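Q: Below is the structure I would like to discuss, written out as structure tokens.
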2 protein chains.
Amino acid sequence: MSDSSQTFADQVDYVSGRTRLFGIVGHPIEQVRSPEMFTAEFRRRALDAILVPMHVLPDDFDALLPQLLRLSNLDGLIFTIPYKLRARVLTDQLGGQARIVGAINALGRRAGGWRGDIFDGIGCVEAFRRRGIALAGRRALLLGAGGAGSAIAVALASEQPASLRLYDVDATRAQALAATITRAFPGLAVSAGPPQLDDIDILLNATPAGMLDDARLPIAIDALSPAMTVFDAIVKPETTPLLALAERDGCTTVRGREMMRGQISRIVDFFMAEG
Amino acid sequence: MSDSSQTFADQVDYVSGRTRLFGIVGHPIEQVRSPEMFTAEFRRRALDAILVPMHVLPDDFDALLPQLLRLSNLDGLIFTIPYKLRARVLTDQLGGQARIVGAINALGRRAGGWRGDIFDGIGCVEAFRRRGIALAGRRALLLGAGGAGSAIAVALASEQPASLRLYDVDATRAQALAATITRAFPGLAVSAGPPQLDDIDILLNATPAGMLDDARLPIAIDALSPAMTVFDAIVKPETTPLLALAERDGCTTVRGREMMRGQISRIVDFFMAEG
């Protein structure tokens, strides 16, 4: 990070006048984990950079954000609830995933202006890649067609699965997402409908069922094939009811925390990209 | 700072969603030392807070700053060159030193809005206090009537010295500052004129002479009385030509770094004050 021989007792070694600034913008902000996790990733890469929380109230967002982006040593922002849709207007260039999903969660400074993209789905795909689990040619069932689900669906579709089935308690929402994916990936076998597991290799949960003290499974199941890979986007608890069931039945499991690590790594790549 | 039992290898322990945010606003920004020093002071006081550099270009200042102050977890700003005069318009309340000097270098969030004050002089007085060197009843000669000099003159005048003499290569500037001090402290013996040392107990340098590789003394002298206390506001080098001469002649010396520490401590008190 810094030259420790230059460090006095009355100084910290993790921020200086040369530190590049990044932020996470949200409301509320106290619960976010990005500051400690992104900053750790910057340190691992020996970058003199820090990501700090930026609490923006909904009524302030439209006037505040364009000005915030004029801070000359601010190089990027993360957007969390409730700003992933609103942040899109701040972009000068839109990445491929964001164009399809219609929302962004990261903004990076480029020579030509601010580039925005969404990395929730990319983080999920990165978690599979790091574990050496193929997505190409596999049959996937995704539960949940909300914000996280949409991003995951787009990222999965980019990996050329054999098929992608979408389920949501709100059938209309699942159908709308299937239509979006079909438009963007015309050759892909996409469908929306009930959560049948018979012909599925990979089951992904992007619903909130099982989060924190919620003991529910996202769908009514009592057993899983050990050949199946089961992913859950939920970070807390680390072992959700769905993952507990999958482990009991001998499935391969991929956790929300792995997706978060994958996403952080890919967003830092994005922040540091040239152009 | 944080509960270390909760710290994972992929997290740092010095920033989180709950961290309160402070900034130093300037142009340029790379050379400032406030981020590492203020953040160390926050840590010493077990405050979950960080001070980061905020590089604002002069053309952006007027539109950006009012918006920046709307960040809900931003609790204070430091202003450095070239913004100490311009920052005054951001205040809802003005502290006593700032009212006389006409500039601020710190802004703190209060229930009633943003309070501004200037601490350069307060830091100098704090350095003397920490060393147990009285200012009350002493005869002081201050060299330099610019920004730092003005703030030091006001803070010194508040300490009831026997007399305060002001010297600047620009005689008009010294006279204007003397008039300001006289208005604010009607009973004090203030004068502006040549730098005579005969009847002086405390010599203070607030000119840039002797900074970095500048080998000049702020005034033409070749010896000092050992009874004299000599202060230099310059931080780099730690031992300026003036302080080297003072040490050779057996004077008590007070360094710019002590003023900086004193100022940081008093500004953090100000940041954390209620009301």
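The values are calculated or read from the model by the stated rules, or taken from the named source; none is laboratory data. Remember, predicted model here, so these are calculated numbers, not experimental data. Note that we place each Cβ from the backbone using ideal geometry, even for glycine, and neighbour counts take in every protein chain shown. Note: accessible area is taken over every heavy atom of the protein model, side chains too, but ligands, DNA and RNA are not part of it. Shrake-Rupley method; radii C 1.70, N 1.55, O 1.52, S 1.80 Å.
Q: Got a sec? What order do A:Glu30, A:Glu258 fall in by accessible area at 1.4 Å, biggest, i.e. largest, first?
A: A:Glu30, A:Glu258
Q: What number results when the radius of gyration of the stretch A:147-198, computed over Cα atoms, is divided by 2.2 N^0.38 Å?
A: Dividing the Cα Rg of the stretch A:147-198 by 2.2 N^0.38 Å gives 1.03.
Q: A further question follows. How would you classify the stretch A:167-231 from its alpha-carbon gyration tensor, with a ≥ b ≥ c the square roots of the eigenvalues: rounded for a/c under 1.5, else prolate if a/b is greater than b/c, otherwise oblate?
A: oblate
Q: Show me, for the stretch B:270-275, the HN-Hα J-couplings you get by feeding each phi into the Karplus relation (A = 6.51, B = -1.76, C = 1.60, θ = phi - 60°), rounded to Hz, glycine and proline as x.
A: 4, 4, 8, 5, 8, x
Q: Label the stretch A:155-275 by shape, choosing from rounded, prolate and oblate, from the square roots a ≥ b ≥ c of the eigenvalues of the Cα gyration tensor; if a/c is under 1.5 it is rounded, and otherwise prolate applies when a/b is larger than b/c, oblate when it is not.
A: Taking the square roots of the gyration eigenvalues as a ≥ b ≥ c, the stretch A:155-275 is oblate.
Q: At 7 Å along Cα-to-Cβ for each site, give me the label-to-label distance between A:Ala179 and A:Ala223 in nm.
A: 4.0 nm
Q: Keeping all protein chains in position, work out how much accessible area B:Arg33 exposes to a 1.4 Å probe, and write it in Å² to the nearest 10.
A: Accessible area, nearest 10 Å²: 60 Å².
Q: So, with +1 on the Cβ of K and R and -1 on the Cβ of D and E, and no other charges, what is the size of the charge dipole of the stretch A:98-152 about its Cα centre, to the nearest 20 debye?
A: 200 debye
Q: Return the percentage of antiparallel bridges among DSSP beta bridges fully within chain A, rounded to the nearest 5 %. All intermediate terms of the calculation are to be shown ahead of the outcome.
A: On the way: 8 of 41 bridges.
Bridges in chain A are about 20 percent antiparallel.
Q: Would you kindly calculate the translational diffusion coefficient of the stretch A:1-133, applying Stokes-Einstein with the Kirkwood radius from alpha carbon pairs, for 37 °C and a viscosity of 0.692 mPa s, and quote it in µm² s⁻¹ without decimals?
A: Diffusion coefficient, whole number: 203 µm²/s.
Q: How much accessible area does A:Tyr14 have with a 1.4 Å probe, in Å² rounded to the nearest 10?
A: For A:Tyr14, the solvent-accessible surface is approximately 10 Å².
Q: Taking all pairs of different Cα atoms in chain B, averaging 1/r and flipping that mean, what Kirkwood radius in angstroms comes out?
A: Details: mean 1/r = 0.0506 Å⁻¹.
Kirkwood hydrodynamic radius for chain B: 19.8 Å.
Q: Largest first, what is the accessible-area ranking of B:Asp199, B:Asp168 with a 1.4 Å probe? Working shown, then result.
A: Working: B:Asp199 80, B:Asp168 15 Å².
Of B:Asp199, B:Asp168, the descending order of accessible area is B:Asp199, B:Asp168.
Q: Divide, for the stretch B:211-275, the radius of gyration over alpha carbons by 2.2 N^0.38 Å, where N is the residue count.
A: 1.39
Q: I've got another one for you. When the Kirkwood hydrodynamic radius is evaluated over all pairs of different C-alpha atoms of the stretch A:90-224, what value in angstrom, to one decimal, is obtained?
A: 15.5 Å
Q: Quickly estimate the mean residue ellipticity at 222 nm for chain B, helices only: each DSSP H run with n ≥ 4 gives -39500 (n - 2.57), and the total goes over all residues, rounded to 500.
A: Computed mean residue ellipticity for chain B: -9500 deg cm²/dmol.
Q: Okay, next question. Would you list which lysines come within 28 Å of A:Lys236, measuring only between C-alpha atoms, while excluding same-chain residues fewer than 8 positions from it?
A: Leaving aside lysines fewer than 8 places away in the same chain, those within reach of A:Lys236 are A:Lys84.
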